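Written below as structure tokens is the structure these notes are about.
Each value in this text was obtained by applying a stated rule to the coordinates, not by laboratory testing. Keep in mind the model is a prediction, meaning the values are calculated, not measured. Using ideal geometry, Cβ is built from the backbone for each residue, glycine included, and neighbour counts are taken over all protein chains shown.
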Amino acid sequence: MPDRRSVLAWGAAAAAAPALTACGESAGAARLTRQTKRKRGQKVNLVFWTWVPLQKTVALWNRTHPDIHVDLQIVPGATNGGYQKMHASLKAGSPPDLAQIEYHTLPEFMLVNGLTNLSEHGADKLKDEYVDWQWKQCVFGGRLHAIPQASGPMANFYRKDLFERWDVEVPRTWDEFRKAAIKIKKRGGGSRITAFPPTNAMWYASFPWQRGARWIRTEGDTWIVDFNSKLSLEVADFWDGLLQDELITVQPDLQSGWYRSAQTGHFASWLGAQWGDALLRGNAPDTKGDWRVAPLPQWEEGQNASANWGGSCTAILQGSRHPEEALEFAHWLNTDSKSIDLLVAAGYGWPGARIDLEKSALGKRDPFFGNQRYNEVFEESDGQIDTSWKWAPTNTQSFDHIKDAFGRAAAGRGTLVDALNDVQGRVLDDLAAKGLKARSA
Amino acid sequence: MSATTTSESLTPRAPAPVRAAAPTPQRGPRPGRILLIASLAIAACYFLLPVYWLIIAATKTTAKVYGSSGLWFDSPQLLHNLGQVLTYDDGIYLHWVLNSLLYAGVGGLLATLLAAAAGFALAKYRFRGREAAFKAVLAGVLLPHTALALPLYLLFNKMGLTNTYWAILIPSLVSPFGVYLCRIFAESAVDDTLLEAARVDGAHEGRIFFGLVLRIMSPALVTVFLFQFVGIWNNYFLPLVMLSDDRKYPITLGLTTWQAAQDRLPELVQYTIGGAFLSVIPLAVAMLVLQRYWRTGLTEGSVKG
């Protein structure tokens, strides 16, 4: 079983191999033999599952690459059953060749041996064309298992008009953020500096990420769980303070009430990801010209640490008969400049490829942001994202635990610090339940 | 929908017993009756409010959906919205509508026919294992469809039927609840002497079933058809695991793909709402057209039973 071993050699999952076989969860490995080399002039058909509307991009590929036809199949989004569907297809042995997978879900696919080792197909030489930290999100055990597509570097979307009206400086540090929050509470007539969404664990994770905390690490074959490290709790304590003094509102984000708040100025700023630009533009069109983008507040003045929220990659699932052609397509999709411009138009987020912002569609001034070249802020942010952040192979459950515990804290029962202490134990249990070695830091 | 049908079918009948029980001069309606109507009205509101919201929201732009009161119009543009729904991505929505109609219509009809035959046989023929078969069907009523979807997928995958129309149609042909209802109905509504008479006249069993029994059972069949139609129309999980080509999706699944992309393309919020609005129309029409049969049917059964 050399293949399986090398695939699982990353981090701790090697220890899980026997456990995985026992529960029949290992997908794909047996079907590696099905791979076939394309003969000259032979036409290859690739199936691609995604929820991002990539119709135009794929049409462009099919026009320019008559030998490799990509059949784009739009499947329901990640949490609406998209991943469930991918896992089912892996289990049944008939997965699509390519699939859209979010960075934080990749380890779960690694755990069921669902991803093709792309280093074997010569992908390592492409490294320099991609943003470093995004590339590393796709590397397990030193081998690349997916092609980075997009991410969500964080920054501060703020209402310039409101900050000026209430005579509040845009905060550069978290300390200033709190002071600004106090001023806005006093002067804002019911508005707050921002809204805290207790339901969004992925959003929250970007703050300990920025602080330099690491929720998950690996050491040999052991998972080190560290949700309640000193740095992580420092961040939680900061938000606890804002919540307790009612300096921020509590509101689930990216849904109707939140969009209304974005329209009415109920919150004056949003610590959001680059792909949030389209959301503000489309859902609060009447605030055109009022928004600007500033870097995330820092823990220490003069720093410029950043973090990420969201993002996904193009994975080649285990069992694809044509991994080399699939790799060729995935690389084109995520680096070709025409393709990137179409992806940007489809609102897919910040590119995984290194781009020249000046020449890209992203480099334009935008009247919605008062003609600011706002993506310069995100370019800067993307370059400052710590590359060592990892996700657990039981991350879906981790997020659920955080959601539950934060929900209780936001309702006034306990604090975020308590919540993370609680989550720590649950994540250890989840990993143990998968037969993985895990311990607290 | 169900709230309206019950309230409409109850109100005309309710007065009769009230008057019979109280022949003395009336001073307005009795408190019990007021309570009944009030609670039905509340129930009707409860069920109709979301539909009302949907109608209102379908006329708005994405920004207005969030930015204005959900209960009243704000610069309505229904036709423009629906035009967008029908033309987005080469009119894929129309594919979804046709697929839903195919799955629910054909699936519902064939399931009804099968249920009628099985129910009738279980009610009127004596054979070994009859009760065991019926109990097995009853157990099927208790099994949630969702639990069966994944095993079915693995099975269909072996047969190479996933991502085909058959993958939805074949599982839709089975309606344990329909068999159950048809058996109960056939027992009370189909008279044994009638069957004897038909046999004496020389009609063979097939002719008796298609020519006679189906007609007598038609009220129950309408019920089974409606249940099955609505069930297939609203089914999400089975098409989710079975289908991957979005041209084969039913409306439920298709709209979810739009919803998933809302984070990227906010105008899809409006298309999803418009699509949901259009998708309830066939169901409403089916209910309104068929409820006449349904109502008479259910009462008939209850009187004779």
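Counting pairs on different chains as well as pairs 8 or more places apart, how many Lys pairs in the range B:85-304 have Cα atoms under 25 Å apart? The partial results should precede the final answer.
Details: B:124/B:135; B:124/B:304; B:135/B:304; B:158/B:248.
Counting lysine pairs in the range B:85-304 gives 4.
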* To do: Could you sort out which of A:43/A:125; A:127/A:338; A:160/B:64; A:185/B:60 sit more than 28 Å apart by Cα distance in this structure?
  => A:185/B:60
* Structure fact -> The rounded separation in angstrom of the Cα centers of the range A:354-399 and the range A:159-207 is 21
* Asked: In whole Hz, what ³J(HN,Hα) sequence does the range A:49-60 give by Karplus (6.51, -1.76, 1.60; θ = phi - 60°), x for Gly and Pro?
  -> 9, 8, 10, 7, x, 9, 3, 5, 4, 5, 4, 5
* Asked: Rounded to the nearest 0.05, what FRET efficiency is calculated for residue A:245 and residue B:87 with R0 set to 51 Å and r the Cβ-Cβ distance?
  -> 0.50
* Asked: Do any trypsin sites (Lys or Arg not before Pro) in the range B:117-151 lie in a loop, going by DSSP, with at most 12 other beta-carbon atoms within 10 Å of their beta carbon, and if so which?
  -> B:126, B:128
* Structure fact -> Looking only at aspartates and glutamates whose Cα falls under 18 Å of residue A:85's and that sit 8 or more positions away or on another chain, we get A:25, A:71, A:97, A:102, A:108, B:245, B:246
* Say the dipole of the range B:85-304 comes from +1 at the beta carbon of Lys and Arg and -1 at that of Asp and Glu; which of B:291, B:92, B:198 then lies farthest toward its positive end? -> B:198
* Is the shape of the range A:352-418 rounded, prolate or oblate, going by the alpha carbon gyration tensor and its root eigenvalues a ≥ b ≥ c, with a/c under 1.5 for rounded and a/b larger than b/c for prolate? -> prolate
* Structure fact -> The rounded separation in angstrom of the Cα centers of the range A:284-343 and the range B:94-113 is 40
* Structure fact -> Expressed in Å to one decimal, the Kirkwood Rh of chain A from all distinct alpha-carbon pairs is 22.7
* Asked: Once fully extended, how much extra length lies between residue A:176 and residue A:286, figured as 0.36 nm per residue of separation less the alpha-carbon to alpha-carbon distance?
  -> 36.7 nm
* Once a ≥ b ≥ c are taken as the square roots of the eigenvalues of the Cα gyration tensor of the range A:63-187, is the result rounded (a/c under 1.5), prolate (a/b larger than b/c) or oblate (a/b not larger than b/c)? -> prolate
* Report the calculated FRET efficiency for residue B:72 and residue A:125 (r = Cβ-Cβ distance, R0 = 51 Å), to the nearest 0.05. => 0.25
* Calculate, in nm to one decimal, what residue A:187 and residue A:264 gain on full extension: separation in residues at 0.36 nm each, minus their alpha carbon distance. => 26.1 nm
* To do: May I ask for the distance between the Cα centers of the range B:186-231 and the range A:229-268, given as a whole number of Å?
  => 64
* Could you tell me what percent of the DSSP beta bridges with both partners in chain A are antiparallel, to the nearest 5? => 65
* **Amide N of the range B:228-262 lying under 12 Å from the label point, which is placed 7 angstrom from the Cα of residue A:62 along Cα→Cβ** => B:246-247
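Taking R0 as 45 Å, what FRET efficiency do you get between residue B:147 and residue A:371 from their Cβ-Cβ distance, rounded to the nearest 0.05?
For R0 = 45 Å, the calculated efficiency reads 0.20.
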* In whole Hz, what ³J(HN,Hα) sequence does the range B:198-211 give by Karplus (6.51, -1.76, 1.60; θ = phi - 60°), x for Gly and Pro? -> 5, 5, 4, 6, x, 6, 7, 4, x, 5, 4, 5, 6, x
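Counting only helical runs of four or more DSSP H residues, what would the 222 nm mean residue ellipticity of the protein assembly as shown come to if each run contributes -39,500 (n - 2.57) and the total is spread over all its residues?
-16500 deg cm²/dmol
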* **Magnitude of the charge dipole, the range B:85-304, Cβ model with Lys/Arg +1 and Asp/Glu -1, debye to 20** => 600
* GluC sites (Glu not before Pro) within the range A:103-194: which are DSSP loop residues with at most 12 other Cβ atoms inside 10 Å? -> A:169
* GluC sites (Glu not before Pro) within the range B:192-272, DSSP loop, no more than 13 other Cβ atoms inside 10 Å -> none
* Using a/c under 1.5 as the rounded threshold, could you call chain B rounded, prolate or oblate? The axes a ≥ b ≥ c are square roots of the C-alpha gyration tensor eigenvalues, and prolate needs a/b larger than b/c, oblate otherwise. => oblate
* When the Kirkwood radius is taken over all Cα pairs of the protein assembly as shown, what Stokes-Einstein diffusion coefficient follows at 25 °C and 0.890 mPa s, in µm²/s? -> 84
* If you count the DSSP beta bridges with both ends in the protein assembly as shown, what percent of them are antiparallel, to the nearest 5? -> 65
